[in-house]
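Here the structure comes first, spelled out in structure tokens, and everything after it is commentary.
The numbers here are math on the coordinates, done by the rules we state, and not lab data. Note that the structure is a prediction, hence the values are computed from the model and not measured. Methodologically, a virtual Cβ is constructed for each residue, glycine included, from the backbone with ideal geometry; neighbour enumeration extends over all protein chains shown.
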Amino acid sequence: MIPLRQEWPLDVAARYRAAGYWRGETFPAFLRQRAAERPDAVAVVAGEARWTYAELHARAERAAAGFLALGLRPGDRVVVQLGNIPEFFSAVFGLFRAGLIPVYALPAHRLTEIAHFVGKSEASAYVAAERGTDGFDYRTLARDLRAATPGLRHVIIAGDAAEFTAFEALDGDSALLPGDPDPARVAFLQISGGTTGLSKLIPRTHDDYIYSFRASNEICGVTQDSVFLCALPAAHNFPMSSPGHMGALYAGARVVLSPVPSPDTAFPLIERERVTISGLVPPLALLWAQAAATTKHDLSSLEVLLVGGAKLTPEAARRVAAALPCTLQQVFGMAEGLVNYTRLDDPEAIILETQGRPISPDDEVLIVDDMGEPVPEGEPGYLLARGPYTIRAYHNDDAANARSFTPDGFYRTGDIVRRTAEGYLVVQGRAGDHINRAGEKISAEEVEDHLLAHPSVFDAAVVSIPDEFLGERICAFVIPHGERPRAAALKAWMRTRGIADFKVPDQVVLVDAFETTAAGKISRKELRARLRARLLAEEAAG
Ligand code: OOB
């Protein structure tokens, strides 16, 4: 197995410890501590389940012993694909407790993606729920996965497990549980948004990640009296750590899981549980704002609504802030690390018009031009970041590491930003060819590769198109090969590729050829830019 690494230079790590960012805390230790301090406080509410800290801790201990009893060993990786159900927490804290490494997949991922995560992480086990909220049966996926990934030894299913191991039945000898992990070691693997090709794996350590949500708690006002509503998928970095369910559990607060993020489901939960804080992507925030105008549910307990994952325009921010009875907090973050927040007491103009400033005084932010030189203050440029919770490398991906990090360890975020005189960042665009569809990041290259596998597709170029509701949508330009494929048929075929539904193009445009220049072929990047510009011009012309 390729060892998991996430290392900062020794002197830098020493500085982060001395500054009190890295305190040697770990996931299993903090849950044990909360369970000891406030055993009867409710930690997780989901459907009918209301688990206290003592109960969550006990369930995690039992799951941990059960994972080891299956033959899994500390350091083994386990792909976790669980939606917003309470087992998400007993599973991941069980894995942490056993020294196992969760690899967080989203409920929307399908066979192709899960097989990639299993292969890339060399996972020994896969944990999923019987079914998703959309009715999808993960046991079917698990069957195909077993055939596709011979290294996978265990499938563990929450709910009706069929021929697989039942999560609820996991049990073992707690005397065999290991001691707490080394806080400097990798705790889990998060999935990258993926700008080029397939998703990369992001190793995060106990020290760095716990710092990010402990500091976020302070910035977002989370205390043990807070009630955090997790409406986005729990496995995503934003609802996990900004300040997220992990921040809430760290604070000893209550986490309420909403199975889906729609106002119909979330608003009754806000009323019933007196939710104080939640986080949404911009399209959902707009939906909530619209629904709030006519709802009969009492939303007055809400104090803070975080919005991020994609750009919230000032106009949209104004609408959200006006419609909801709480403070809007913009958040601009990434699974690789750096997170920026507007502060709760910032002037309105900053909250509406910027994406915030970094969490840490030791977040180093550079804004550079094409040559890597810092741009004049206030000018837009590429954002580079380095700091106490920003990774220095992806797992097992030399090519991506060479592309994504500077020799002195800055992460190239791919975002184009400018910094205001007050030190706040305004996101203006991005360098990479990915589509940010309602906060889901989709690699143009990955979608093109799938399209190219269709017999009637000669060539394909995938671009993002501004979309009023989604922020951006996926448009595929396709040169047919032989018979002209129908757009609907091509989309339906994409759905058979075992990929997340959000990667299926929203729009397919058939073209006879792609432009070339007098000098010959143009780059993919330039081609995508031209196609996009042409479509936008045509749409503007009506
Ligand atoms: C969050 O994380 P990821 O890893 O899914 O995506 C990161 C990328 C950023 O590089 C940026 O391109 C975009 O998503 N993004 C935003 C944004 N927040 C994220 N673009 C414009 N405005 C924003 N507010 O999306 C994520 C992780 C932690 C907290 C919040 C979001």
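Points to keep in mind about this one:
- Alpha-carbon centroid distance for the pair segment 372-408 / segment 275-310, whole angstrom: 33
- DSSP bridge orientation in the chain - percent antiparallel, rounded to nearest 5: 55
- Spin-label model distance (nm) - residue 399 vs residue 370, 7 Å beyond Cα toward Cβ: 2.5
- Amide H contacts under 5 Å for residue 330: 307, 342, restricted to partners 5 or more places along the chain or on a different chain, H placed in the peptide plane at 1.01 Å from N.
- In segment 395-473, the chymotrypsin sites (Phe, Trp or Tyr not before Pro) that fall in loop regions by DSSP, at most 13 other Cβ within 10 Å: 469
- Prolate/oblate/rounded label for segment 434-540 (Cα gyration tensor, a/c 1.5): oblate
- Length-normalised contact order of the chain in % [C-alpha pairs under 8 Å, at least 6 apart]: 12
- Evaluated with a Cβ-only charge set (Lys, Arg +1; Asp, Glu -1), segment 434-540 carries a dipole of roughly 140 debye about its Cα centre, given to the nearest 20.
- In Hz, Karplus ³J(HN,Hα) per residue of segment 76-84 (6.51, -1.76, 1.60; θ = phi - 60°; x = Gly, Pro): 5, 9, 9, 6, 10, 10, 10, x, 7
- Mean Cβ neighbour count within 10 Å, used as a protection proxy, ranking 103-115, 237-249 highest first: 237-249, 103-115
- Summing +1 for each Lys or Arg and -1 for each Asp or Glu among the other residues whose beta-carbon sits under 13 angstrom from that of residue 144 gives +3.
- Extension reserve of the residue 483-residue 13 stretch, reckoned as 0.36 nm per residue once the Cα distance is removed: 163.3 nm
- Sequentially through segment 341-354, phi angles give Karplus couplings (6.51, -1.76, 1.60; θ = phi - 60°) of 10, 6, 8, 4, 9, 5, x, 3, 4, 5, 5, 7, 10, 10 Hz, Gly and Pro residues having no value and appearing as x.
- Within the same chain, aspartates and glutamates fewer than 8 places from residue 296 are excluded, and of the rest, those with a Cα less than 17 Å from its Cα are 264, 271, 273.
- Length gained when the stretch residue 37-residue 274 is fully extended (0.36 nm per residue, less Cα-Cα span): 83.1 nm
- 15 Å beta-carbon shell around residue 377, net charge (K/R +1, D/E -1): -1
- Whole-Hz ³J(HN,Hα) from phi, Karplus 6.51 cos²θ - 1.76 cosθ + 1.60, for segment 370-381, glycine and proline x: 4, 8, x, 8, x, 7, x, 3, x, 8, x, x
- Once both labels are positioned 7 Å from their Cα atoms along Cα-to-Cβ, the gap between residue 173 and residue 300 label points is 5.8 nm.
- Charge context of residue 211, other residues only, Cβ under 14 angstrom, K/R +1, D/E -1: -1
- Annotation: amide H-H contacts under 5 Å for residue 153 (H modelled 1.01 Å from N, sequence separation of 5 or more, or interchain): 125.
- For a straight C-alpha distance cut-off of 20 angstrom, the lysines reachable from residue 525 (same-chain residues fewer than eight places away being disregarded) are 441, 503.
- With 0.36 nm allotted per residue and the present C-alpha distance subtracted, the residue 521-residue 264 stretch has 87.4 nm of extension available.
- Within a straight-line Cα-Cα reach of under 20 Å, residue 120 can be paired with the following aspartates and glutamates, leaving aside sequence neighbours fewer than 8 residues apart in one chain: 7, 76, 144, 336, 397, 398, 445, 446, 449.
- Taking the centroid of alpha carbons for each part, segment 171-232 and segment 436-512 are 33 Å apart.
- Among the helices of the chain, those built from whole DSSP H runs whose Cα atoms reach 18 Å or more along their own axis and whose mean Kyte-Doolittle hydropathy is at least -0.5 are 53-69.
- Mean ellipticity per residue at 222 nm, deg cm²/dmol - from DSSP H runs of n ≥ 4 across the chain, formula -39500 (n - 2.57): -9500 deg cm²/dmol
- Taking segment 337-491 and dividing mean pair separation by its residue count, relative contact order in percent (alpha carbons under 8 Å, at least six apart): 16
- Seen through its C-alpha gyration tensor, with square-root eigenvalues sorted a ≥ b ≥ c, the chain comes out rounded because a/c lies under 1.5.
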